[in-house]
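Colleague: Dumping the structure here so I can ask a few things about it.
The values are calculated or read from the model by the stated rules, or taken from the named source; none is laboratory data. A quick note: this is a predicted structure, and the numbers were derived from the prediction, not measured. Virtual Cβ from ideal backbone geometry, glycine too; neighbours counted across all protein chains shown.
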Amino acid sequence: MNLRERTYLWYLAVLRVYVGYFMLMQGVRKFQQDFPKGDWIGRQIGEIATLEIYPWYKKILLDYVAPHHELFGYLVMTGEIAVGACLLVGLLSRFSALLGLFMLINYYLALGMARGGMLRSQQEIFIITLAVFVLARPGRTLGLDGLLFRRGGKGKGAK
């Protein structure tokens, strides 16, 4: 196995743009609907006390998220917009994918496990995709990461 073999990941750039656009549009819709100030817990998650999810995660939702629902609403909305925009243009794509991965794992624990079905499958696919992005650096191909963080460019010792 040759770990130094150079590969071209242009196909990940296409997937990165799609995931970025999807997350950006989710955040923009939340912004347009004034998501943080509404009853987003009731609409998105449901009655937390009756959910069949991990007990430790239910405790987090009840003790921290529900009492501070407006703060968490803003975090969700701005997180989706920031992660989506960064993935769309390929800026800080590895860090953005890591943040998106954290967000989607939390969505999965709160919504996906409780509702199952298509919602759960979609979240699982996005979690796997973002994990690949963390490992593969997709912003270096057709993205701003490739322009900003070039290897062998004009760094220390370059002539």
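Colleague: Out of the residues in the stretch 84-137 that are free of Cβ contacts under 8 Å to residues at least 12 places away in the same chain and more than 22 Å from PRO55 (Cβ to Cβ), state the one that is farthest from the chain's Cα centre (by Cα).
Modeller: GLY117
Colleague: Then there's this: From the set of residues in the stretch 9-40 that are among the polar types (S, T, N, Q) and free of Cβ contacts under 8 Å to residues at least 24 places away in the same chain, which is surrounded by the fewest Cβ atoms within 10 Å (Cβ to Cβ)?
Modeller: If we take residues in the stretch 9-40 being among the polar types (S, T, N, Q) and free of Cβ contacts under 8 Å to residues at least 24 places away in the same chain, then GLN32 is surrounded by the fewest Cβ atoms within 10 Å (Cβ to Cβ).
Colleague: Between a first residue in the stretch 41-65 that is under 17 Å from ARG120 (Cα atoms) and a second residue that is modelled with pLDDT of 80 or more and among the charged types (D, E, K, R), which pairs have beta carbons less than 8 Å apart while being 6 or more apart in sequence or on different chains?
Modeller: That search, which allows pairs on different chains as well, returns LEU51/LYS58.
Colleague: Looking at (1) in contact with an Asp or Glu (Cβ under 9 Å, 6 or more places away or on another chain); (2) within 22 Å of LEU130 (Cα to Cα); (3) not hydrophobic (A, V, I, L, M, F, W, C), which is the one condition that is false for TYR18?
Modeller: Going through the list (1) in contact with an Asp or Glu (Cβ under 9 Å, 6 or more places away or on another chain); (2) within 22 Å of LEU130 (Cα to Cα); (3) not hydrophobic (A, V, I, L, M, F, W, C), TYR18 breaks only (1).
Colleague: So, of the residues in the stretch 75-128 that are modelled with pLDDT under 95 and among the polar types (S, T, N, Q), which turns out to be farthest from LEU61 (Cα to Cα)?
Modeller: Per the stated criteria, the residue is SER93.
Colleague: Which helices (runs of 4 or more DSSP H) sit wholly inside the stretch 27-132 and have at least 1 residues that are under 24 Å from LEU15 (Cα atoms)?
Modeller: Of the helices (runs of 4 or more DSSP H) lying wholly inside the stretch 27-132, those with at least 1 residues that are under 24 Å from LEU15 (Cα atoms) span 69-89, 93-107.
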